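Trainee: Before I ask anything, let me first share the structure, which is written out below as structure tokens.
Read-outs throughout are calculated quantities, based only on the coordinates presented, and are distinct from any laboratory measurement. Just so it is clear, the structure is predicted and the values come from calculations on it, not from any experiment. Cβ: placed from backbone, ideal geometry, glycine included. Neighbour counts: every protein chain shown.
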Amino acid sequence: MKIAVVGDPDTALGFKLAGAHEVYSFRATPLEYERAKNKLRELIEREDIGIILITEGLAQKVEIPEVKFPIILQVPDKSGSKFGEAQLREIVRRAIGVELKR
């Protein structure tokens, strides 16, 4: 299974350098948000994608559908987390289906 990353150019570059399988970058414009939404739908339909990482900022601009597979996780971008630790813990708990201890 592959990991795909969808995010802003700076965050995408970081994941590309870290070895993510597929990386897609989008700038903060309405046209790019629409392109990102289409790319996200395309990635969800593919059987070879197991995890999709999307930056929190971009996730706020596109609709993220409720799907069981692939796993879609929101990650902080270069400006940090918009959710805070408690919400990130809940997102990870739901994604992996286990209780996380402090």
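Trainee: How high is the relative contact order of region 2-96, in percent, counting Cα pairs under 8 Å that sit 6 or more residues apart?
Mentor: 28 percent
Trainee: Further, regarding this structure: Placing +1 at every Lys and Arg Cβ and -1 at every Asp and Glu Cβ, with all other atoms neutral, what dipole size does region 1-57 have around its Cα centre, in debye to the nearest 20?
Mentor: Computed charge dipole of region 1-57: roughly 60 debye.
Trainee: Provide the gained length on full extension for the span residue 35 to residue 20, in nm with one decimal, where the gain is 0.36 nm per separating residue minus the Cα-Cα distance.
Mentor: Extending this stretch completely gives an extra 3.4 nm.
Trainee: Counting DSSP beta bridges with both partners in region 2-96, what percentage is antiparallel, nearest 5?
Mentor: 5 percent
Trainee: When only alpha-carbon atoms are used, what values of Rg and Dmax, in angstrom, describe region 2-96?
Mentor: So, for region 2-96, Rg and Dmax equal 12.4, 33 Å respectively.
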